[in-house]
Amino acid sequence: MNGSGLPENIPPHAEPASGGGVLSWIDRRLPVISAFRKEYVDFPMPRNLNALWNFGAILCAVLVLMLATGIFLAMNYTPTAAGAFMSIEMIERQLPGGWALRAMHVTGASLFMAALYIHLFRGLYYGSYKQPREILWLSGLGLLVMVMVTAFAGYVLPWGQMSYWGADVAGKAVGAVPVIGPTLEHIMEGSDQLGDIFIHRFFVLHFVMAFAIVAIVGLHVAALHVPGPNNPTGKPVNARDTVPFHPYYTTKDLTGLVVFALVFVALAFLWPDLLSEPENYRPANPLHTPADIEPEWYFLPFYGMLQSVPSKFGGLLAAGGSIAILFAVPWLDRSSIRSARSRPLCRAGMAGLVAAFVLMGLVGRHHAEGGWMIVGRIATLYYFSYFLVLLPLCARREMRGTAG
Amino acid sequence: MDEQGQQRCDTPGRHAARRHGALLSGLVVLGLVSGGGAMARDYREPPRQTWSFQGPLGHFDMGAVQRGYTVYAQVCSACHGMKSVTYGDLAGLGLKESDVDAIAHAHHVPAGVDAGGHALSRPASADDHLLSPYPDARTAAAANHGVMPPDQSRLAVVHPGGVDRIYAFLTGYGQPAPPGMVVPQGMFHNPYAAQGLTAMPPPLHEGGVTYPDGTPATVAQQARDVTTFLAWVATPHLTERHRLGVGAVVFLVFVLILSICLKRRTWSNVP
């Protein structure tokens, strides 16, 4: 392993484009063309990357799709309590092609989160957070949090029953923070009732966050291109085990992207009921609480944690902590072995972690009632003990093994 | 069309269970079943019907949708509105622009007040919405035994039990109330209504409407047609969406084959 934290595979030196022509004229003044060639054409990639490495490119594509559809939706959206729901109906019914635009944006949100979870798991499983990729990991987690905030803000905008009551639950959760809770809740909601100010705030938040995400993605990709990507073995690759990005990974990413697009169009146009919540097609009604308030599927694990911890603030700490703890992973796991392929104990623990995460989602689905409460507590306990106990202990054992 | 496995069971709980079940259970390694979550129903389980618009390849029978509009216009719209829908949207039924304008002009919409404070109205245009006949929720409730007739724009999507329950409800009047049930003045017994009681009088009658296409207007026929119409109003682009989806899948499968070929050829020299 590279102890000094130097780049693991050094990108080729960029030659400024030579000769005449407009492109080389531009390149001599602003080396965008040679930089692009260096980072996306000649960039050395480990040749053993598996399909899980496709999700970075997929996430970029979904992000572009979300921006493209989102801008046109925003042009037709009215951020007021009286007008929001009807403006969505107008987009779906009267705006030409509006229904397709919205179907893509809604499906894109779900699949963005799905792809993010897979991408995150990939990083965790193959130890992509270890040095020299700590900043890559941290920026990625920053993106996860930002995408979650954006997704939540976006779900509020149609101002249906689930938008309203979901926002109500989130506001009350924030309000449960000791001392500063009520102030935070007021800052979030803008007034004593969820209405115009709240919607307007969340519309701006949703819109601004989308572009902030693009900026952080830039940093994330820049941080990736310093050490180059990790690979399934977790060991640094020799120059002869690399292939140039183009045409090898352009064709591979394209294939992955097309498979993803197939899933995307099937969900958006053929099976939209799998992702949509019918209750949100009822306009928000502050006087009528729906029988069954639940967030979108991608927030269910955190909702499960929130509900299975007895105290409200405790639940909030658990749900927030479950994300916060990921930021500490590079320092909790001190082992020099990256990939879980070479760490049997860690690998088994990680299977349990995925199971615990899915279980917490089911607990959220069932509102932590009856036996689900117990399941939720065990899963939550396991989730945290994996990071706080199993991972550090596993690392210590492995370090001792390599020393002896 | 595969119509067997595509029946819907649409109480909110069941629907959500299926929705999340499908997503999560794919991930569940432990073989846990995500079922359950079905909420206690306060109405009789409606018999399952076969509808042409169900399933990923479903489409609307436009003849039924048009007949359903006749029922809606002559019966339902006396009490219910569709405030998300404009008269112009009715062009999707297959009506000509002149027909849409004629329908719109036959209705009046509020147009503010005159100098004396008296309410004014004007003939509707294609951009006007199919408003409730009542000026506000309170008046609507007062005129209907304290229950406001719900808006029907998305009724087929949001109504627990979905289209099967709407059909069962419309054809479910006239059955004797179970012993012990007291039907209050102004209420009607219907096993498919919540708690078996509804404030809506039986809306459909044999021959109650006259279909332009000559179809005999039995209660069952009217119920089927108007349910189809409500489903169309709730998801007017369903047929087009499915067509787009199938086209996109076919195209992407073709692109996928090409990209796999390209990728294999590119990687063929990598050991």
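None of the figures in this text is laboratory data; all of them are computed from the coordinates on show. What you are looking at is a predicted structure, and each value in this text was computed from that prediction instead of being measured. Cβ placement follows ideal geometry from the backbone for every residue including glycine, while neighbour counts extend to all protein chains displayed.
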Hz values of 3J(HN,Hα) by residue in segment A:312-319 - Karplus curve (6.51, -1.76, 1.60), Gly and Pro given as x:
4, 5, x, x, 5, 4, 5, 5
Size of segment A:244-386 as Cα extents on the principal axes (Å, biggest first)
60, 41, 23
Using a simple charge model, +1 on the beta-carbon of Lys and Arg, -1 on the beta-carbon of Asp and Glu, nothing else, what dipole does segment B:117-271 show about its Cα centre, in debye to the nearest 20?
880 debye
Taking only Cα atoms of segment B:58-211, the Rg to Rh ratio with Kirkwood Rh works out at 1.01
Cα Rg, Dmax (largest Cα-Cα span) when computed across segment B:212-269, Å
22.5, 71
Using the alpha-carbon atoms, what tilt in degrees (0 to 90, nearest 10) does helix B:238-267 show relative to the longest principal axis of chain B?
10 degrees
Can you find, among A:63, A:331, A:165, the residue farthest towards the positive end of the dipole of the protein assembly as shown? Put +1 on the C-beta of Lys and Arg, -1 on that of Asp and Glu.
A:331
For residue A:235, which lysines qualify as cross-link partners when the Cα separation must be under 27 Å and same-chain residues fewer than eight apart are set aside?
A:38, A:130, A:252, B:263
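In units of 2.2 N^0.38 Å, what is the alpha-carbon radius of gyration of chain B?
1.27
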At q = 0.07, 0.09 1/Å the base-10 log of I(q)/I(0) from the Debye formula over the alpha-carbon atoms of chain A is -0.38, -0.63
Inter-chain Cβ neighbour average for residues B:78-91, partner chain, 10 Å:
2
Roughly how tilted is helix A:55-75, in degrees to the nearest 10 and between 0 and 90, from the longest Cα axis of chain A?
40 degrees
In degrees from 0 to 90, rounded to the nearest 10, what is the angle of the helix B:12-25 Cα long axis to the longest principal axis of chain B?
10 degrees
Largest-first semi-axes in Å of the equivalent ellipsoid built from the Cα gyration tensor of segment B:86-160 are 24, 22, 8
Cα-based Kirkwood hydrodynamic radius, segment B:158-271, one decimal, Å:
18.6 Å
Using the per-residue mean of other Cβ atoms lying within 10 Å as a proxy for protection, in what order, highest first, do the peptides A:376-387, A:154-165, A:282-293 fall?
A:154-165, A:376-387, A:282-293
Relative contact order of chain A: what whole-number percent is it, with Cα pairs under 8 angstrom and at least 6 residues apart?
22 percent
Just to be sure I follow: if Rg is taken over the C-alpha atoms of segment A:319-402 and Rh is the Kirkwood radius over the same atoms, what is Rg/Rh?
1.04
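Using only alpha carbon pairs under 8 Å that are at least six residues apart, calculate the relative contact order of chain B and give it in whole percent.
In percent, rounded to a whole number, it is 23.
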Give me the net charge of residue B:257's neighbourhood, meaning all other residues with Cβ under 14 Å from the Cβ of residue B:257; Lys, Arg count +1, Asp, Glu -1.
+3
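May I ask you to order A:333-346, A:38-51, B:173-186 by the average number of other C-beta atoms within 10 Å around their residues, highest value first?
Put in order of decreasing packing, that is A:333-346, A:38-51, B:173-186.
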Taking max minus min of the Cα coordinates of segment A:174-309 on each principal axis, largest first, gives extents in Å of 66, 43, 32
Can you pull the Rg over Rh of the protein assembly as shown, Cα-only, Kirkwood?
1.02
Amide proton proximity set for residue B:82, modelled H, under 5 Å, gap of 5+:
B:130, B:131, B:132, B:152
Mean projected area (nm²) of the alpha-carbon convex hull when segment A:249-333 is viewed from all directions
10.1 nm²
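Just want to confirm a number: the relative contact order over segment B:119-271, from Cα pairs under 8 angstrom separated by 6+ residues, in percent.
The value is 19 percent.
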For segment B:82-121, alpha-carbon Rg relative to the globular expectation (2.2 N^0.38 Å, N residues):
1.51
Among residues other than residue B:210 whose Cβ falls under 14 Å from its Cβ, what is the net charge (Lys/Arg +1, Asp/Glu -1)?
-2
Volume per residue (Å³) of the convex hull spanned by the alpha carbons of segment A:42-124 is 125 Å³
